Amino acid sequence: MKADELMKKVADAARLRRELFGPFGSEKDTNAYRLMNGDGDRVPGVLVDAYAGYALVQVVAEEALPLAVRLEEAIDRVLAPRGIVRKLRYEEKGRGKVAGELIRGKRPPEALTVIEEGRPVGIVTRADLLESLVTP
């Protein structure tokens, strides 16, 4: 898939979510949501979640890694997130842990408050974003 196609996919996904949550990184009522959902957004094997201006790219199959790398570039260009974190969900590193790393931008803070419908509903820690198999 070419870079311009991926940038269009990111822009289309962001536009649909903006109608529900507001602009990426400036959401007021709900700041954690699925931005791109694999096959549904035509990026098979890759999930992208938004967490208060950070993009969490989860690669669920090893063969999807090259697509994920190109998708991260498109996310950076289209959305300019505070940071992009990549998790390799197919590489378990012990009980409930996976390989994760900061790819671009700022390292996530120790804790991010998750807001749904205007109310704080939980905390996502840096460790959740970087290494937990399941991100709250």
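As an exercise, identify the trypsin sites (Lys or Arg not before Pro) in the stretch 52-136 lying in DSSP coil whose Cβ has no more than 10 other Cβ atoms within 10 Å. Intermediate results must be reported in sequence, preceding the final value.
Details: sites: 70, 77, 82, 86, 87, 89, 93, 95, 97, 104, 106, 126; in loops: 82, 93, 95, 106.
Hits after loop and neighbour filter: 95.
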Label-to-label distance, nm, for residues given as residue 121 and residue 15 (7 Å Cα→Cβ offset): 2.7 nm
Rounded to whole Hz, the Karplus (6.51, -1.76, 1.60) HN-Hα couplings of the stretch 5-14, x for glycine and proline: 5, 5, 4, 5, 4, 5, 4, 5, 4, 5
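Per DSSP H run of at least 4 residues, take -39500 (n - 2.57); add these up for the chain, divide by its residues and hand me the 222 nm value, nearest 500 deg cm²/dmol.
Values: 3 runs with 40 residues, N = 136.
Theoretical 222 nm ellipticity from helices: -9500 deg cm²/dmol.
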Pairs of alpha-carbon atoms within less than 8 angstrom and 6+ residues apart define the contacts here; what relative contact order does the chain have, in percent? 20 percent
Cut-off 18 Å, label point 7 angstrom out along Cα-to-Cβ of residue 33: give me the residues of the stretch 102-120 whose amide nitrogen falls inside. 113-120
First measure r as the distance between the Cβ atoms of residue 133 and residue 113, then evaluate 1/(1 + (r/R0)^6) with R0 = 25 Å and state the FRET efficiency to the nearest 0.05. 0.70
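Once you have a ≥ b ≥ c as the square roots of the Cα gyration tensor eigenvalues for the chain, tell me rounded if a/c is under 1.5, and otherwise prolate or oblate according to whether a/b is larger than b/c. The partial results should precede the final answer.
Values: a/c = 1.68, a/b = 1.04, b/c = 1.62.
Verdict is oblate for the chain.
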Charge-dipole axis of the chain as Lys and Arg at +1 and Asp and Glu at -1 on Cβ define it, positive-most pick from 46, 66, 102: 102
If amide H atoms are built 1.01 Å from N in the plane of the peptide, which residues on other chains or at least 5 residues away come under 5 Å of the amide H of residue 30? 117, 118
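FYI, it's all coordinate maths here, none of it is from the lab. This one's a predicted model, so the numbers in the text were calculated from it and none came from an experiment. Note: ideal-geometry Cβ built from the backbone for every residue, glycine included; neighbour counts use all protein chains shown.
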